Structure formats: structure tokens, C-alpha cells
Amino acid sequence: MTLNPRPLYEEVAERLRTSIFSHEFAPGDWIDEQALAIQYGISRTPMREAIKVLAAEGLITMKMRRGAYVTEVSKSDLSQIFTVLALLEGQACREVTQKATEKELEDLDSIHLKLERSAADRDLDQFFAINQQFHDKIQEICANPWMQRVIHDLRKVLKLQRRDSLSKRGRLESSLLEHRKILSALLARDAELSENLMKEHLLQGQLAAR
């Protein structure tokens, strides 16, 4: 069977998404559609379609008669996003205590060990990436694709500013300690405690992101 090639606009969307996450385009920056199309060597049609994709993900905001801008996440946005994440990821932890195999719990433990090492090295980029792996693994074990989709989309928006919060004094250490407690509760299969710890972890993340 021959697989259909990936549509050009999806490749353009991925390239733009990477540029936004790396802060090549910072929150509030105008997306010059025409200049980017020329830079990428494409017509404006796939560029427009790519921008629509990122607007649907919340990474780009369309402003009337002004064009496309990288989304700026307000304090109100952060509060609402973290509230929803706390509910969903807390529930995911509860389900992991009931569904996870011993092998899956060992995998979580291994990911956390890498998190410990990156914290010891003060490698914020690595810590950020492994932290995401830890949360993703919980979603994978939970095996609820609808929940995963919502969490994934919300975390994309958080990437617009999330890395900055880890650089705040003491936040890296606090985040690591919170992960230790969550892992311990998951390994003990304590549903209520793991849910509450994940909710508290995300609340602390919200406070650090302000």
C-alpha cells in the first residue's frame, strides 16, 4: 500500500510551530505571511492553511484587519488552562493506579530517574523535555485518547511561556520534589493521593508561571 505524502501545509505548520516553541517568534510577534512564504519558497496558500492550523491550536491569534500574531498568554488564560489540566491530569493519575502494569510503573520510575539527573546537571532544556515525557507516559498508561487530545492541545499553549517558570529561583527543585511525591504515590497505587498531588503540582506550576 502506498502512503499519501504529507500535505505541504502540515509541514509548514510544523516548521512554524517549532519556531514559536523555540521563541524565534515570541508571544505578540506578527507573523508576516508574505515574507515567510517567500522565505520558505512556497505560495501563500499553504502558508495560510498552516496559520489556520496553529490558530486552531491556540498558538496563533487572528486579529481583525491586522493579521496573525503569536498568542500572548494572559494571567487569566493561565489560570483557566491550569484549572482544566489539574482536573484532567489528576484524574489520569487516579486511573494509572488502577490500570498500570508493573512494567509501566517501572517505565515511569526510569523516566523520573532521568529527571533527577537533568536537575542535578541544572539542564533546564533537558528537564523540561523529560518532565513532558513523564506526563506523557501517565497519559499513555491512562489510555484515554479524548483526554490526551485536550491535554496535548492545552500544553502546546503553555509552551509559549512554560520554560521560563523553571528558571525562577527554587522552582526546579520544587518541581522535582513534587514529581518524587507523585511517583511515590503512583508506585504505591494510592489513587486519591496521586490525584491530589498532581493537582497540587499543577497549581504550583501555575503560581510559578505568573
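Structural remarks
- Per residue, the solvent-accessible area of the chain (1.4 Å probe, heavy atoms of protein chains only, all protein chains present) comes to 55 Å².
- Each helix, a run of at least 4 DSSP H residues, gives -39500 (n - 2.57); summed and divided by the residues of the chain, these come to -24000 deg cm²/dmol at 222 nm.
- With 20 Å as the limit on Cα-Cα distance, the pairs of LYS75/LYS114; LYS75/LYS156; LYS137/LYS199; LYS52/LYS156; LYS114/LYS156; LYS75/LYS137 that go past it are LYS75/LYS114; LYS114/LYS156; LYS75/LYS137.
- Pairwise Cα separations in the chain fall into 10 Å bins from 0 onward with the following percentages, short to long: 8, 30, 31, 21, 9, 1.
- Cα-based shape type of the stretch 82-182, given that a ≥ b ≥ c are square roots of the gyration tensor eigenvalues and the cut on a/c is 1.5: oblate
- Candidates per trypsin sites (Lys or Arg not before Pro) in the stretch 3-103, loop by DSSP, up to 14 other Cβ within 10 Å: ARG65, ARG66
- Size of charge dipole - the chain - debye, nearest 20, with Cβ of Lys, Arg +1 and Asp, Glu -1, no other charges: 660
- Relative contact order %, the chain, counting alpha carbon pairs below 8 Å whose residues are six or more apart: 26
- The angle separating the long axis of helix 44-57 from the principal Cα axis of greatest extent in the chain is about 30 degrees.
The values are calculated or read from the model by the stated rules, or taken from the named source; none is laboratory data. These numbers were taken from a predicted model, which means no experiment stands behind them. Positions of Cβ are generated from backbone atoms using ideal geometry, with glycine treated the same way; all protein chains shown enter the neighbour counts. Each accessible area value is taken on the protein alone, full model and side chains, heavy atoms only, with ligands, DNA and RNA left out. Shrake-Rupley method; radii C 1.70, N 1.55, O 1.52, S 1.80 Å.
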